[in-house]
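Working notes, structure below.
The values are calculated or read from the model by the stated rules, or taken from the named source; none is laboratory data. If you're wondering where the values come from, they're calculated on a predicted model, not measured in any experiment. Here Cβ is always computed from backbone atoms with ideal geometry, including for glycine, and neighbour counts include all displayed protein chains.
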Amino acid sequence: MLVLANVLWSLNYATTKYAFERWNPLAFSGLRFALAGIGMALIVGVRERGLGVARRDVPLVILAGATGIFLNQLTFNYALDYTAAANVALILGAAPAFTAAFSVALGHERVRPVHWVALGVSLAGVALVVQGGAGVEGFSLKGDVLAIGAALTWAAYSVMMRPLFGKYSAMRLSTLMIIVGAVLMAPISIHQLGQQDFGDLGALRWGALLYSTIFPLIVTNVLYFTALPRVGAARATLFMYLQPFLGALFAALLLGEQIGAVQIAGGAVIVGGVALGRTASARRSREPTILDLEPPAEPS
């Protein structure tokens, strides 16, 4: 289940990049999240008989949704619109390293030199990915900067979610985040939907919307959160290291994007930095770390 979930998340980079050849980015994203929110609400409503949270937690739920869905979608979608899907997939591999840095800054984890080394290694990997893509067709520095923004917003979102994990199921929280994000995106999504040429989309790009709605947002959440209690958070996190490379591989196979050796090396360095930080945290404590507790690593 974990392998399949990460394959489905990874495929979404190429699928979304392909869709943006005809779809307006926020029209695509707004419609996608609105449909997914309805689907997830039905699933969680049946499984848990409600989506409610305590009144004192509502502001944090809204803030997390605004950061991890609304702002993340703005940066993620336009990163894919401007630059290669492979670069976006590789750069977003650094999100767990940024998560650890934010967690340390907020006092959730003790500051240790190895955390800063791990962050530095991951940042060096990001620099390699950006540099390696500089000579590749479809590369855009603006897009890569937006991809870094997507990684940062996802990291901030992961830290914000930490106090909520002990109170509510991960499925309920994921559903609430999707709904909050869909509501916040609605005003600008409606504007772009009004400008969308639906007659020019064709069956494949409608299929891309359906895939991005059903599989990376709904099916993967069911798979991931079903598998999580069976294998444990730490082992589940390890499977997410597949995403940067699978995302780049699918972009090469399906979109014909060129991936240079420097980009692949950068992706490997990013994953190495994340693994270093997670291993150091795991050695210090048997309790799950922020890297183990963060939401699934699809930038939604």
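A few points about this structure:
- Here Ile62, Ile69, Ile91, Ile43 are screened, and the one residue that is of a type outside the set (S, T, N, Q), in contact (Cβ under 8 Å) with a residue 60 or more places away in the chain, farther than 30 Å from Leu201 by Cα and in a helix (DSSP H, G or I) is Ile62.
- Within segment 133-220, helices (runs of 4 or more DSSP H) holding 3 or more residues that are under 15 Å from the mean Cα position of the chain (by Cα) and buried (at least 20 other Cβ atoms within 10 Å of the Cβ): 141-165, 170-195
- Scanning segment 78-88 for residues that are in a helix (DSSP H, G or I) and buried (at least 24 other Cβ atoms within 10 Å of the Cβ) returns Ala79, Leu80, Ala85, Ala86, Asn87, Val88.
- Across segment 170-202, the number of residues qualifying as of a type in the set (Gly, Ala, Ser) and over 27 Å from Ile43 (Cβ atoms) comes to 3.
- Restricting Ala248, Ala252 to those that are modelled with pLDDT of 85 or more and buried (at least 23 other Cβ atoms within 10 Å of the Cβ) reduces the list to Ala248.
- Looking only at segment 4-31, residues that are in a helix (DSSP H, G or I) and over 10 Å from Thr220 (Cα atoms) come to 17 in all.
- Meets criteria (at pLDDT 90 or above and not polar (S, T, N, Q)) for Ala84: no
- The residue that is nearest to Thr99 (Cα to Cα), counting only those in segment 49-65 that are buried (at least 20 other Cβ atoms within 10 Å of the Cβ) and among the small types (Gly, Ala, Ser), is Ala64.
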